[in-house]
1. Return the total of residues in the stretch 159-172 being over 17 Å from Ser253 (Cβ atoms) and not small (Gly, Ala, Ser).
2. Of all residues being in contact with a helix residue (DSSP H, G or I) (Cβ under 6 Å, 6 or more places away or on another chain) and closer than 16 Å to Ala208 by Cα in the stretch 155-164, which is surrounded by the fewest Cβ atoms within 10 Å (Cβ to Cβ)? Just the residue, please.
3. List pairs: first residue in the stretch 254-266 and not assigned by TED's automatic domain parsing to the domain that holds Leu139, second residue modelled with pLDDT of 95 or more and hydroxyl-bearing (Ser, Thr, Tyr) anywhere in the structure, Cβ distance under 7 angstrom, at least six positions apart or on different chains.
4. Checking the structure you have, find out if any residue of the stretch 181-201 is out of contact with any helix residue (DSSP H, G or I) (no Cβ under 6 Å at 6 or more places or on another chain), aliphatic (A, V, I, L, M) and under 22 Å from Ile38 (Cα atoms).
5. Specify which of the listed residues (Arg258, Arg291) is at pLDDT 95 or above, over 21 Å from Val84 (Cα atoms), of a type in the set (Lys, Arg) and touching a helix residue (DSSP H, G or I) at 6+ places or on another chain (Cβ under 9 Å).
Amino acid sequence: MRYPVERFSVKCGVALFLNGFGQIMFQQSALTGIFFFIGICTNSLFMASGGILGALSGVITARFLAFKSDDILQGVYGFNGALVGIALIFSYAPGPPSYLLILLGGAISSVLMNVMLRWRDHLPPLTAPFILSAWIMLLIAHLSGIEPASYSTVPVYRGDVFAVFRGLGQVMFQDSWIAGIAFSIGLVLHSRHAAAWALIGSAVGLVAARSLGYPETLVQTGIFSFNGVLTGIALGDKFRDNAMMPIVGVVLSVVIIRGFQSTSIPALTAPFVLSTWVIILVNKLGILLHRTSPTHLR
């Protein structure tokens, strides 16, 4: 959905806001964004409010600093801010201090995104701006003594099918298979290819974690799957003729997230970003070595 870059109408504003939610899984689609937003609301209205505030902060910052209008319209400056907002309300109780940090974090994520977009032809920013911004805001919240979030425990439906959909839900910090189904519908409506790789990524993450002997209780919650969801979507789109690349990337993300669990640093989507970057760089190195090999130069 496109609008003239010089005119931001209400309709345009709603579209770019929803595009921002859709871009959380790299889908430039307002319809997908609607289902993502609905999925969050089915599990937590507070986290949905954090997502709204973070996305608005990111977009307003991008407009104020006159970043490229096409990128703003496509939701590029909304999704990292939305994730910052959701992550903060997931971790800390809703209230003025948390919402102030969301506004600040959303703005920082947009500035970081603008910087990282300059080398997107070499390495895509993905959710790196969200990760860096969220780490800073979470540290400030911790040092400031903001009250941690307290959410009622939801029943865990055992079974691999539930776990796979919980993996999709966890992409946006939703420990809910219902949210995961809503996210899946949103993906299918825009890209069946992305939806397929999201499910494959979640399933492969589950199998890999179980095969490596990681705690089954965490496997069932989708903790080892959600980075695989994003890795599958990103690498599945980049390497359409080589399914092994995204599969290897998903497995690598599982190993990386286990490494984060041995530290006090929240993993967020860092395992996805790191594993995706590694696969892209290894592929680029392989191409370079092939081009410079003696047999190729003959």
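1. 4
2. Across the stretch 155-164, the extreme among qualifying residues is Val164.
3. Final answer for the pair search is Ile256/Ser275; Arg258/Tyr214.
4. The answer is yes, given that some residue of the stretch 181-201 is out of contact with any helix residue (DSSP H, G or I) (no Cβ under 6 Å at 6 or more places or on another chain), aliphatic (A, V, I, L, M) and under 22 Å from Ile38 (Cα atoms).
5. On the way: Arg291 fails: at pLDDT 95 or above.
Going through Arg258, Arg291 in turn, just one is at pLDDT 95 or above, over 21 Å from Val84 (Cα atoms), of a type in the set (Lys, Arg) and touching a helix residue (DSSP H, G or I) at 6+ places or on another chain (Cβ under 9 Å): Arg258.
Table: residues versus (1) part of a loop (DSSP other than H, G, I, E, B); (2) out of contact with any Pro (no Cβ under 9 Å at 6 or more places or on another chain); (3) modelled with pLDDT under 95; (4) of a type outside the set (A, V, I, L, M, F, W, C).
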{"position": "Val59", "(1), (2), (3), (4)": "no, yes, no, no"}
{"position": "Phe67", "(1), (2), (3), (4)": "yes, yes, no, no"}
{"position": "Ala82", "(1), (2), (3), (4)": "no, yes, no, no"}
{"position": "Leu100", "(1), (2), (3), (4)": "no, yes, no, no"}
{"position": "Val154", "(1), (2), (3), (4)": "yes, yes, yes, no"}
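The values are calculated or read from the model by the stated rules, or taken from the named source; none is laboratory data. Note that the structure is predicted; figures quoted are calculated from it, not measured. Because the Cβ atoms are built from the backbone with ideal geometry, glycine has one as well, and the counts that use them run over all protein chains shown.
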